[in-house]
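The values are calculated or read from the model by the stated rules, or taken from the named source; none is laboratory data. The model shown is predicted, which means the values in this text are computed figures rather than measured ones. As a convention, Cβ positions derive from the backbone with ideal geometry for all residues, glycine included, and neighbour counts pool all protein chains shown.
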Amino acid sequence: MPSHLGFVATIDASAAIQPAFIGLLGELNLGSQVMAAATFFLLAWYILRAARIGSTIAAVSATAVQVSVSLFVVAAIAVGLGWVAPHPGAFLNDVVAAGRWALGMPLKWALEWLRSAFDQLGWAV
């Protein structure tokens, strides 16, 4: 199964190696102690791989926590200084006004551009 993530491809490749490795040891008739040791080695290797993947997930989670804490601190400072209204109604009014401005300006510019294009063609709008 092709993957864009390197560690998934490594795990898939190692899963194909495990049965071949156990089969090779079984054919060499090295005994049950060597088979058990090889099995423990493979289990330790898989636990190490899982720990590496877990540490990556923990690092990503720690970064997400740092960013969210930073955003909450900035929001608290903004509310404390009076830059942002802590009222939900006022906040929603500000968001609606910003949305109207953001949507209105490009629409206004597009209508003005069309009006000027029609004027150049001699069409009355």
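Okay, here's what the table says:
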{"item": "Filter result for Phe72 (without any contact (Cβ under 8 Å) to a residue 24 or more places away in the chain, surrounded by 11 or more Cβ atoms within 10 Å (Cβ to Cβ) and assigned to a helix (DSSP H, G or I))", "result": "no"}
{"item": "Which listed residue is at pLDDT 80 or above, within 28 Å of the chain's Cα centre (by Cα) and among the hydrophobic types (A, V, I, L, M, F, W, C), from Ala59, Ala102", "result": "Ala59"}
